[in-house]
């Protein structure tokens, strides 16, 4: 019998390892810096719990499936099926089914992450590894508490019987598929190697759009996703990238990226050293 996992992470714990020392990471939350285990951050009780969806919510989900790019319609339909199955099942699947789904996505990403640490970009030439990478990026962009909160508090109007918090969980899966498809089909990667003494930090929205807007109601005109993978490495995904590998020797450029991480985080910023969490 599977054990029900109450604490569910919306930022992958394994991803945070490069920012840890002796299993501990520095976190800034509510204006205070503290040292803790990655087990204790970027998580909520039953964050991914699936709730049964009513006919209006199903109809709304199918409406979105119908208006998005035909290239992702089947994938969106499969995301809806996954949510529907977990929401109408036993206690374990209701509470942990989507959590387990993200665990599979993370496990598939591990070989790619290993190559990224080694500055090996050959995975982009493998359809399997590129697919695993693309969908992982889509999930990590969409699965966070930050994105869910922005969706729930947006001024988007839905039919009266649609629970906005419930539908946010479905839309998170939709968004992961859409972003993942964009990464796979259109984005070009630029790998950044930080050669300065100023490390990259990260936060509870580790993948974000450098060209994004502050409003869920206003769609960004362009996607340029930024993802720090260690204090000395990051990746940018954009349709305009022309330089696959770039070394950064200007400390002000690193500080610029770090300020973007601050701006896009929801409530938590992470670093390996306490001094890196000072406002700059």
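Relative contact order of region 98-163, please, whole-number percent, based on alpha carbon pairs below 8 angstrom and at least 6 residues apart.
28 percent
Ratio of Rg to Rh for region 122-164, alpha carbon only, Kirkwood?
1.25
Quick one: work out the % antiparallel among DSSP beta bridges in the chain, nearest 5.
Counting DSSP beta bridges with both partners in the chain, the antiparallel share is about 90 percent.
Given contacts defined as C-alpha pairs under 8 Å and at least six residues apart, what's the relative contact order of the chain, whole-number percent?
22 percent
Based only on Cα atoms, what mean projected area does the convex hull of region 43-200 have, in nm²?
Projected area, direction-averaged: 11.2 nm².
According to the square roots a ≥ b ≥ c of the eigenvalues of the Cα gyration tensor, what is the shape class of the chain, taking rounded for a/c under 1.5, prolate for a/b larger than b/c otherwise, and oblate for the remainder?
Because a/c hits 1.5 or more and a/b exceeds b/c, the chain counts as prolate.
Please state, to two decimals, what the Cα-based radius of gyration of region 129-251 comes to when divided by 2.2 N^0.38 Å (N = residues).
1.16
With angles folded into 0 to 90 degrees, how steeply does helix 251-264 sit against the dominant principal axis of the chain? Use alpha carbons for both and round to 10.
So the helix axis and the longest Cα principal axis differ by about 20 degrees.
I'd like the orientation of helix 127-142 relative to the chain: the angle between its Cα long axis and the longest Cα principal axis, in ° from 0 to 90, rounded to 10.
80 degrees
Mean separation of Cα pairs under 8 Å and 6+ residues apart, divided by the residue count of region 46-110: what relative contact order is that in percent?
Relative contact order comes out at 48 percent.
Compute the helix-to-body angle for 91-117: its Cα long axis versus the longest principal axis of the chain, expressed 0 to 90° and rounded to tens.
Helix 91-117 sits roughly 30 degrees off the main axis of the chain.
Using only DSSP helix segments of four residues or longer, with each worth -39500 (n - 2.57), what per-residue ellipticity at 222 nm results for the chain after dividing by its residue count and rounding to 500?
-14000 deg cm²/dmol
What is the Cα centroid distance between region 179-212 and region 1-72, reported in whole angstrom?
So the two Cα centres are separated by 19 Å.
For region 86-101 and region 234-278, write down the distance between their C-alpha centroids in whole Å.
Their Cα centres are 35 Å away from one another.
Computed from the coordinates by the stated procedures, all read-outs in this text should not be read as laboratory data. Note that the structure is predicted; figures quoted are calculated from it, not measured.
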